[in-house]
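The values are calculated or read from the model by the stated rules, or taken from the named source; none is laboratory data. Bear in mind that the values here come from a model prediction, so they are computed numbers and not experimental data. Here the Cβ positions follow ideal geometry from the backbone for every residue, glycine too, while neighbour counts run over all protein chains shown.
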């Protein structure tokens, strides 16, 4: 069982910090300053996922300075809790960075993240993959064994700010699309010539190019900006070319799968004005595109609901160029009408 980490509100003046204290922070700001005694020290803004606290390092060494850089998630190994002008302060003597792959297990909640844990998403992934045909399962198995690409796919956001912009957001979005698409395809397969397995396969990997599109913070796997090649080529093209290489390895003789799968990937944004190189021209492509759009739009509106509101209305949602109404318990839509 994972030990509960210590939060800012639980710190008391005089507390001595040791490795077993289970104290973790996201370093929001870090600056090296010079004191009145001409000695260098570090001034830090530390965040536990809910509250922030000031941090200080009075005796700087290269290892601690490297660990306490902005954007890093760190474990405080040694130090103490003090007060400065009634404010709590964490004085650090030693700290270490937490690798991205350990953040979920050691200090979940310290970064913006999916409401679904890695284990929950893994269970959903395995359940959905069990619905695939054997040749389609080969594609997924090769994807899962792709090393860094698979590691990033299961960790990074789906976007910088538009939708699912949090850790594991890309994995969550891909699962949402695949589950919706399966339900729709399964509903229609007896009446229309829909390949349910192809729909699910394409849904699971339609956004794989985002692994190459972003410039990531290597300490947290969060998006810092779009990479230069991401801006020049885009995730749709980069994802399709990566999958084409994957197919040449695991399904070299299945040319129909290659063409149909790549078409779905190249058309999943639906319209040219949304950056889609092709419009959907198969039933499978229509289903994937519409499910992708629905999931992205709903999450974008939900982000608007959690942001600054104008009464019951969000600010304009950039993706859809309009504001959205948030229903509240007991609200009366006729209250503004003059009788």
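Before moving on, here are some points about what is shown:
- Check on residue 177, within 26 Å of residue 258 (Cβ to Cβ), in the same structural domain as residue 224 (by TED's automatic domain parsing) and buried (at least 21 other Cβ atoms within 10 Å of the Cβ): yes
- Filtering the range 306-319 to residues that are loosely packed, with under 14 Cβ neighbours inside 10 Å and closer than 23 Å to residue 172 by Cα leaves 306, 307, 318.
- When 314, 282 are checked against the criterion of being without any contact (Cβ under 8 Å) to a residue 60 or more places away in the chain, touching a helix residue (DSSP H, G or I) at 6+ places or on another chain (Cβ under 8 Å) and not assigned by TED's automatic domain parsing to the domain that holds residue 160, 314 stands alone in meeting it.
- Count of the range 184-193 residues which are surrounded by fewer than 20 Cβ atoms within 10 Å (Cβ to Cβ) and either in contact with a helix residue (DSSP H, G or I) (Cβ under 9 Å, 6 or more places away or on another chain) or closer than 22 Å to residue 209 by Cβ (or both): 6
- Residues of the range 162-171 classified as touching a helix residue (DSSP H, G or I) at 6+ places or on another chain (Cβ under 8 Å) and at negative phi, total: 6
- Check on residue 252, modelled with pLDDT of 90 or more, assigned by TED's automatic domain parsing to the domain that holds residue 140 and not in a helix (DSSP H, G or I): no
- Residue in the range 117-125 that is surrounded by 16 or more Cβ atoms within 10 Å (Cβ to Cβ) and in contact with a strand residue (DSSP E or B) (Cβ under 9 Å, 6 or more places away or on another chain) present: no
- Matching option when the condition is surrounded by 18 or more Cβ atoms within 10 Å (Cβ to Cβ), touching a residue at least 40 places away in the same chain (Cβ under 8 Å) and in contact with a strand residue (DSSP E or B) (Cβ under 6 Å, 6 or more places away or on another chain), among 140, 92: 92
- Number of positions in the range 84-103 that are part of a loop (DSSP other than H, G, I, E, B) and modelled with pLDDT of 95 or more: 0
- Long-range neighbours under 6 Å by Cβ, at least six apart or interchain, first residue more than 15 Å from residue 206 (Cβ to Cβ) within the range 150-174, second at pLDDT 90 or above and surrounded by fewer than 21 Cβ atoms within 10 Å (Cβ to Cβ): 150/144
Yes/no per residue for (1) over 27 Å from the mean Cα position of the chain (by Cα); (2) buried (at least 18 other Cβ atoms within 10 Å of the Cβ); (3) over 30 Å from residue 152 (Cβ atoms); (4) modelled with pLDDT under 90:
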site	(1), (2), (3), (4)
1	no, no, no, yes
13	yes, no, yes, no
66	no, no, no, no
73	no, yes, no, no
82	yes, no, yes, no
105	no, no, no, yes
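- Qualifying residue in the range 270-283 (condition: under 20 Å from residue 175 (Cβ atoms) and assigned to a helix (DSSP H, G or I)): no
- The number of residues in the range 276-295 that are within 22 Å of residue 165 (Cβ to Cβ) and either touching a strand residue (DSSP E or B) at 6+ places or on another chain (Cβ under 7 Å) or surrounded by 21 or more Cβ atoms within 10 Å (Cβ to Cβ) (or both) comes to 5.
- Scan of the range 15-28 for residues that are within 24 Å of the chain's Cα centre (by Cα), surrounded by fewer than 17 Cβ atoms within 10 Å (Cβ to Cβ) and modelled with pLDDT of 90 or more, ordered by number: none
- Selection count, the range 219-243, where residues are touching a helix residue (DSSP H, G or I) at 6+ places or on another chain (Cβ under 8 Å), outside any helix (DSSP H, G or I) and surrounded by fewer than 18 Cβ atoms within 10 Å (Cβ to Cβ): 2
- Restricting attention to the range 182-211, the residues being assigned to a helix (DSSP H, G or I) and under 14 Å from the mean Cα position of the chain (by Cα) number 2.
- Looking at 246, 204, just one residue is surrounded by fewer than 23 Cβ atoms within 10 Å (Cβ to Cβ) and either at pLDDT 90 or above or within 19 Å of residue 261 (Cβ to Cβ) (or both), and that residue is 246.
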